[in-house]
Amino acid sequence: DRQTLVAVLQFLRRSNLRESEEILRREARLLGDDLGGNVATVATSSPGVAAVAAVPPGKGEARGAAGSVLLGGNPGKYVLHSAPCLRVSSPSSKITHSGDVIGGAVVVEDQPDVSAVLSAYNQQGDPTLYEEYYSGLKHFIECSLDCHRAELSQLFYPLFVHMYLELVYNQHESEAKSFFERFHGDQECYYQDDLRVLSSLTKKEHMKGNETMLDFRTSKFVLRISRDSYQLLKRHLQEKQNNQIWNIVQEHLYIDIFDGMPRSKQQIDAMVGSLAGEAKREANKAKVFFGLLKEPEFDVPLDDEDEEGENEEGKPKKKKPKKDNVGSKSKKQDPNAPPQNRIPLPELKDSDKLDKVMNMKEAARRVRLGPECLPSICFYTFLNAYQGLTAVDITDDSSMIVGGFADSTVRVWSVTPKKLRSVKTAADLSLIDKESDDVLERIMDEKTASELKILYGHSGPVYGTSFSPDRNYLLSCSEDGTVRLWSLQTFTCLVGYKGHNYPVWDTQFSPYGYYFVSGGHDRVARLWATDHYQPLRIFAGHLADVTCTRFHPNSNYIATGSADRTIRLWDVLNGNCVRIFTGHKGPIHSLAFSPNGRFLATGATDGRVLLWDIGHGLMVGELKGHTDTIYALRFSRDGEILASGSMDNTVRLWDAVKAFEDLETDDFTTATGHINLPENSQDLLLGTYMTKSTPVVHLHFTRRNLLLAAGAYSSQ
């Protein structure tokens, strides 16, 4: 009606959205008196934020998520009802969460309020018919053609949850109970944990403060379905006049429609299983600079053996005319690399350059691994670790190993004959001749030399540890909600970073030092710099705990794995989420980037290792073999081999070259978001190595490609 239109136009003008106002005026032909029939009128369902979409004539066919579309995905906001035909957001006019104007759709969104979220369950049908509705749809899907059945079966779980919650919200407790009991056994096994939580919600009051509940309500469940299957479903529901189910499909599901062949059961099973369904294809379209940064150039002295000895004392190296070009091996800029100055990185110190030189010398002696040449594995077993080993890290040069323990201690060991020493006291330091050649040796206090240093400070189990690349610092994060930075010169705590209010599950230094990331029970990851008390970035988006974090080798991106069974890739520069990967059936516990930055490997409680192509945003491999949670993943230094370590007491080696070679990424796979995974990953498995009774919690390849593994012996 005209009055609503005028109100909406005024709102647009107040919000400075002139362009949308113009479009709406044109569409409504408000220039004359005739209002036309093309304007979606606004029906309010609770006080909130108005959102308008003008639908151009001729675009009235159903697309995307069907029916009256709920803008921004938040129930309890203004809902668009359309004229006789259905009008929906489609890939061509995307409705975004940011308040942008895209394809003539305007969205203004605020944070969901629990009561507003729940009020969307008010519209209700006859409670006694719910079981009939659901079993009717179930019968229809099970009797449809095989090619459609697999795709439409994805509807069972989200519909089951929403219908159950609707019954509970409207206080039909006995109907809800019988509905749950009748149909919960039909759901896929990987939803069992979620269903356990759901079964405890039996009264309207329970729903108020429940996080799982809120997540399910505020984030639309995403289903990826081919156009043919979708049309089939729509026709069935309209013929049956099954409005209850149709309303849920419109309100609570986001159907990502693609043109082409329906996907097979195997393809769908590989991709589903996360808390909010699959990722929208749009989510993985942003450009990602996955290439490596150019190494800084400096001269590499070709030392004789005796000079090498001097160099290790920490003397600044003598510059010599360059005889080889090891230092300048990456002259060419990687076309996929981010600009060198895209994010500010710390300057290289002299000691860093020295370390790079040592690294290159080691690299020259590196063993080339492959199916014919597997690495030796050196296993560090923590014996009598009755304190409960909860985290391990090894320095890049493999000289130190750190363990985080459930008794809140952090223990650092030297694994070379060189003992750990602290710097002398200030009084003693003042007596040292600062000009002497071996000043770096003299400042160390021999009396403090020992193989083990224990760091006290946390007040809860230590869940993550990470050495800085220059080996001067160590990070640890704990159940006490803090991340601590320790000095490895004095073995004391320098800073406690307080930002998380709940346990912090993981932390990691950037490959360039200075920055580090942490993730915790509060569902966000935070980016920090060592010299700032407050986080520089907060990455919010996961629907459950952030269980593991990893920096991309170029330091411009951060990957996070979560208990919501998804992996997200975040851009450090602007904090945006640029990739969402779904496919794991349990919480993610390990992440590893390939050395060339192109691929990501992820491991979870489901015992599968999934491989992802970051550039295309696709799953490109699935490695099956482990029978328990995978806590450790690491690529060899040249990326030929992927090692995985698990709670099933094994280390497995996989052929990474073969897994990633000749990937078919044609237009179809990119459009549908998956490739055809080989049935059998056994031909990629190069070896399985059992421990006696030690779960593997950490893996590390030395600079010469010896594989180090670590875990605590468990007697049971």
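Values computed for the structure shown
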read-out	value
Environment charge of Ile641, counting only residues whose C-beta is closer than 10 Å and scoring Lys/Arg +1, Asp/Glu -1	-1
Gained length - Asp433 relative to Lys294, 0.36 nm times residue gap less alpha-carbon distance	46.2 nm
Burial order of peptide ranges 343-349, 534-540 (average beta-carbon count within 10 Å, highest first)	534-540, 343-349
Unit charges on C-beta of K, R, D, E only; dipole of the stretch 126-263, Debye	200
Note, ³J(HN,Hα) from phi for the stretch 622-628, Karplus 6.51, -1.76, 1.60, rounded to Hz, x at Gly and Pro	9, 10, 10, x, 5, 10, 8
For Ser274, residues with placed amide H under 5 Å, excluding near neighbours	Gly583
Within-10-Å neighbourhood charge of Gly586 [Cβ basis; K, R +1; D, E -1]	+1
Low-density loop positions, GluC sites (Glu not before Pro), the stretch 400-491 - DSSP coil, at most 10 other Cβ in 10 Å	Glu435
Point-to-point label distance, Gln266-Ser487, nm (Cα→Cβ direction, 7 Å offset)	5.9
Accessible area of Cys548 in the full protein assembly, 1.4 Å probe (Å², nearest 10)	10
Segment Ala363-Lys177, extension gain: residue separation times 0.36 nm, minus the distance between their alpha carbons	60.6 nm
Label-point gap, in nm, between Tyr456 and Ile443 - each point 7 angstrom along Cα→Cβ	2.7
Separation in nanometres of the label points that stand 7 Å from Cα toward Cβ, at Thr416 and Val657	3.0
Sites Glu239 and Gln333 - FRET efficiency at Förster radius 56 Å, r taken between beta-carbons, to 0.05	0.40
C-alpha center-to-center spacing [the stretch 621-652, the stretch 352-389] in angstrom	16
Karplus (6.51, -1.76, 1.60) ³J(HN,Hα), θ = phi - 60°, over the stretch 190-197, in Hz, Gly and Pro reported as x	6, 9, 4, 5, 5, 5, 5, 5
Members of Lys138/Lys285; Lys265/Lys624; Lys287/Lys353; Lys424/Lys498; Lys294/Lys434 lying beyond 24 Å, as alpha-carbon distances in this model show	Lys138/Lys285; Lys287/Lys353; Lys424/Lys498; Lys294/Lys434
Calculated FRET value between Arg18 and Asp259, using beta carbons and R₀ = 45 Å, to 0.05	0.80
Span from the the stretch 477-511 Cα centroid across to the the stretch 439-475 one, whole angstrom	13
Neighbour net charge for Ser144 - beta-carbon separation under 12 angstrom, K R +1, D E -1	-1
Extension gain from Arg25 to Lys285, taking 0.36 nm per residue of separation minus the Cα-Cα distance	90.3 nm
Trp246 - accessible surface, heavy atoms, 1.4 Å probe, Å² rounded to 10	20
Heavy-atom accessible area ranking, 1.4 Å probe, most first, across Asp194, Asp606	Asp606, Asp194
Under Karplus coefficients 6.51, -1.76 and 1.60, residue-wise ³J(HN,Hα) of the stretch 471-485 in Hz, glycine/proline x	6, 8, 10, 9, 9, 9, 10, 9, 5, 6, x, 10, 10, 10, 10
Amide H partners (placed H, <5 Å) of Ser478, local residues excluded	Tyr463, Val504
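The values are calculated or read from the model by the stated rules, or taken from the named source; none is laboratory data. The structure displayed is predicted, hence computed values, not measured ones. Glycine also receives a Cβ, built like all others from the backbone with ideal geometry; neighbour counts cover every protein chain displayed. Remember, those area values only see protein heavy atoms, side chains included, never the ligands or the DNA or RNA. Shrake-Rupley method; radii C 1.70, N 1.55, O 1.52, S 1.80 Å.
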